[in-house]
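Student: Mind having a look at this structure? Questions to follow.
The values are calculated or read from the model by the stated rules, or taken from the named source; none is laboratory data. Just so you know, these numbers come straight off a predicted model, no measurement behind them. Cβ atoms come from the backbone with ideal geometry, glycine included; neighbour counts cover every protein chain shown.
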Amino acid sequence: MDSIINFLNTIFWQYILIYGLLAVGLYFTIRLKFVQFVHFKEMFRVVFSKHEADESGISPFQALTVSLASRVGTGNLVGVAVALYLGGAGAIFWMWVVALVGMATAYSESTLAQLYKIKNKKGKYRGGPAYYMSRGLKMPVLAVVFSLSLLLAYGLIFNAVQANSISEAFHVSFGFNKTYVGIALAILTGLVIFGGIKGIAKFAEIVVPFMAGAYLLLAVYVLIVNISVVPEVIILIFKSAFGLNQAAGGIAGGIAAAMLNGVKRGLFSNEAGMGSAPNIAAVATPSPHHPSSQGFVQALGVFFDTILICTATAIMILLSGVLSPGSGVTGVELTQLALSHSVGSAGVYFVTIAIFFFGSTSIVGNYSYAENALTYLRADNKLGISILRVAVMLMVFWGSLQSVQTVFNTADASMGLMATINLIAIVLLSNTVIKLTKDYFEQKKQGKSPHFNASMYPELEGKVDFNIWKEKS
């Protein structure tokens, strides 16, 4: 079994996804006429636009914070350090590249999720890749495979990974017993997720801005203190990205190591094209009432996650001068060492607290995706959701105590499968994305607030619930 899982991971992560995600990102960037750059301001305008109360959904800002809760995890602190250690400073440049093209992919998949969303038995919005696969492409088998992969990866295993990082950090920094950390974390998780997606959204809109803001403020402080060497670090990043500074090229050395590790870090962190964030994008009530508006919200999520938070970690490590390829100091230890160099011993404890916030919000964000998958599988009854919630709490506790590599590799394979399926789906539906985007900006040019008009899309009859869109006309 191990050999099969490792083989699948090799195929997915070294061949299909590394190139596929970049290719799809470039494809949408070009076809959408560089929408993520030309209309960057629109992302902020949509997120903070006036939102009408809607019991069926959550606000665009809440959708952004829930997606960030999942995206911004311990990998933003630990994974970036690993990328730097293995790929050198140049890895950060390639991390930026994959994020910038990935914004177009994130826009596209979340726009589709909005378009094909439904209302569940309780009158709440639900949707995501499974819905645009089954309704848009008429491929229900793919939708089922995607949903099952999502449940395994995001609903269970990745939550154990986050919990493991949290308990390890508290054990090393404060000497806390991992069992007690696991119990406390499982209880905290239960308190949030038993409130449902609405409860998660309320939790995320408070905690996520706080944790991200505090972390970015610390990064700004470190930049100011080390302002004289900042230009050198920026130059180092660009030189190393193209193999012009071999000494900083990571333990593998050169442009190949920088590109591979930067691309992988960016993809794992911002999740653009993975098919995860669209699950919460579909739950939002868009403002203005057009599918494209929620696409802009999730494109901004990629920017925040990688361009801001991952970069903050990278710059703090590079400014500290503690990065030493081949030394064995990597991961959370490298991040803690870097902050200790900049702010003293308090840096170690700050990283531990940051890991707690980043990891715990990822757990509840991941759960929201899993609950959405249950809806598609028609298992979103009281018993099904209760079983999922208890299973998530148990996985959090289990993950706090141990790390079993085979199980985590299985999650990677599941995520690789769902991402591959999702990329194929959004490319096949790309003409719809193009038409929606053109419609959105044509209405803006006419001085209108963009509004989805079903009569303009006769080809979607029977595929999209037009009643949802008529409600806000």
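Student: Of the residues Val192, Val172, Val141, only one is more than 29 Å from Val35 (Cα to Cα) and under 20 Å from the mean Cα position of the chain (by Cα); which? Spell out how you get there, then give the answer.
Tutor: On the way: Val172 fails: under 20 Å from the mean Cα position of the chain (by Cα); Val141 fails: under 20 Å from the mean Cα position of the chain (by Cα).
None of the other options fit; the residue is Val192.
Student: Pairs under 6 Å by beta carbon, first residue buried (at least 24 other Cβ atoms within 10 Å of the Cβ) in the range 292-310, partner of a type in the set (D, E, K, R) and in a helix (DSSP H, G or I), six or more apart or different chains?
Tutor: Correct list of pairs: Phe296/Glu42; Asp305/Arg71.
Student: Okay, next question. For the range 12-31, state whether one or more residues are assigned to a helix (DSSP H, G or I), of a type in the set (Phe, Trp, Tyr), modelled with pLDDT of 80 or more and crowded, with 17+ Cβ neighbours inside 10 Å. Reasoning before the result, please.
Tutor: Here is the first cut: in the range 12-31, the residues assigned to a helix (DSSP H, G or I) are 12-31.
With the extra rule that they be of a type in the set (Phe, Trp, Tyr), the set shrinks to 12-13, 15, 19, 27-28.
So of that shortlist, the ones also modelled with pLDDT of 80 or more come out as 19, 27-28.
Then keep just the ones that are crowded, with 17+ Cβ neighbours inside 10 Å; that gives 27-28.
For the range 12-31, residues assigned to a helix (DSSP H, G or I), of a type in the set (Phe, Trp, Tyr), modelled with pLDDT of 80 or more and crowded, with 17+ Cβ neighbours inside 10 Å: present.
Student: Something else now. Just give me the residues in the range 39-81 being in a helix (DSSP H, G or I), of a type outside the set (S, T, N, Q), more than 21 Å from Lys239 (Cβ to Cβ) and modelled with pLDDT under 90, in sequence order.
Tutor: Within the range 39-81, the first condition is being in a helix (DSSP H, G or I), and the residues that meet it are 40-47, 60-71, 74-76, 78-81.
From what is left, the residues that are of a type outside the set (S, T, N, Q) are 40-47, 60-61, 63-64, 66, 68-69, 71, 75, 78-81.
Filter once more, keeping what is more than 21 Å from Lys239 (Cβ to Cβ): 40-47, 60-61, 63-64, 66, 68-69, 71, 75, 78-79.
Within the range 39-81, Val47, Pro60, Phe61, Ala63, Leu64, Val66, Leu68, Ala69, Arg71, Gly75, Val78, Gly79 qualify.
Student: State all residues of the range 189-246 that are in a helix (DSSP H, G or I), more than 16 Å from Ser67 (Cβ to Cβ) and among the aromatic types (Phe, Trp, Tyr); if no residue qualifies, say none.
Tutor: Those that are in a helix (DSSP H, G or I), more than 16 Å from Ser67 (Cβ to Cβ) and among the aromatic types (Phe, Trp, Tyr): Phe210, Tyr215, Tyr221, Phe238.
Student: Looking for something over 23 Å from Tyr215 (Cβ atoms) and buried (at least 24 other Cβ atoms within 10 Å of the Cβ) - is there at least one such residue anywhere in the range 64-73?
Tutor: no
Student: Something else now. Are there any pairs with C-beta distances below 9 angstrom linking a residue in the range 193-206 that is acidic (Asp, Glu) to a residue that is assigned to a helix (DSSP H, G or I), with the two at least 6 apart or on different chains, and if so which?
Tutor: If the second residue must be assigned to a helix (DSSP H, G or I), the pairs left are Glu205/Phe61; Glu205/Gln62; Glu205/Leu64; Glu205/Thr65; Glu205/Val66.
For (1) buried (at least 21 other Cβ atoms within 10 Å of the Cβ); (2) assigned to a helix (DSSP H, G or I); (3) touching a Cys at 6+ places or on another chain (Cβ under 6 Å), each residue gets a yes or a no:
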site	(1), (2), (3)
Met415	yes, yes, no
Thr432	yes, yes, no
Phe441	no, yes, no
Pro450	yes, no, no
Lys463	no, no, no
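Student: Go through the range 367-400 and count every residue that is surrounded by fewer than 18 Cβ atoms within 10 Å (Cβ to Cβ), outside any helix (DSSP H, G or I) and not basic (Lys, Arg).
Tutor: Residues meeting the conditions: 3.
Student: Could I ask something else about it? Would you be able to tell me the number of residues in the range 134-184 that are among the hydroxyl-bearing types (Ser, Thr, Tyr), farther than 20 Å from Ala373 by Cα and touching a residue at least 60 places away in the same chain (Cβ under 8 Å)? Can you show your working first?
Tutor: Residues of the range 134-184 that are among the hydroxyl-bearing types (Ser, Thr, Tyr), as a first pass: 134, 147, 149, 154, 165, 167, 173, 179-180.
Going one step further and asking which of them are farther than 20 Å from Ala373 by Cα, we end up with 165, 167, 173, 179-180.
In the following step, the residues that additionally are touching a residue at least 60 places away in the same chain (Cβ under 8 Å) were identified as 165, 167, 173, 179.
Residues in the range 134-184 being among the hydroxyl-bearing types (Ser, Thr, Tyr), farther than 20 Å from Ala373 by Cα and touching a residue at least 60 places away in the same chain (Cβ under 8 Å): 4 in total.
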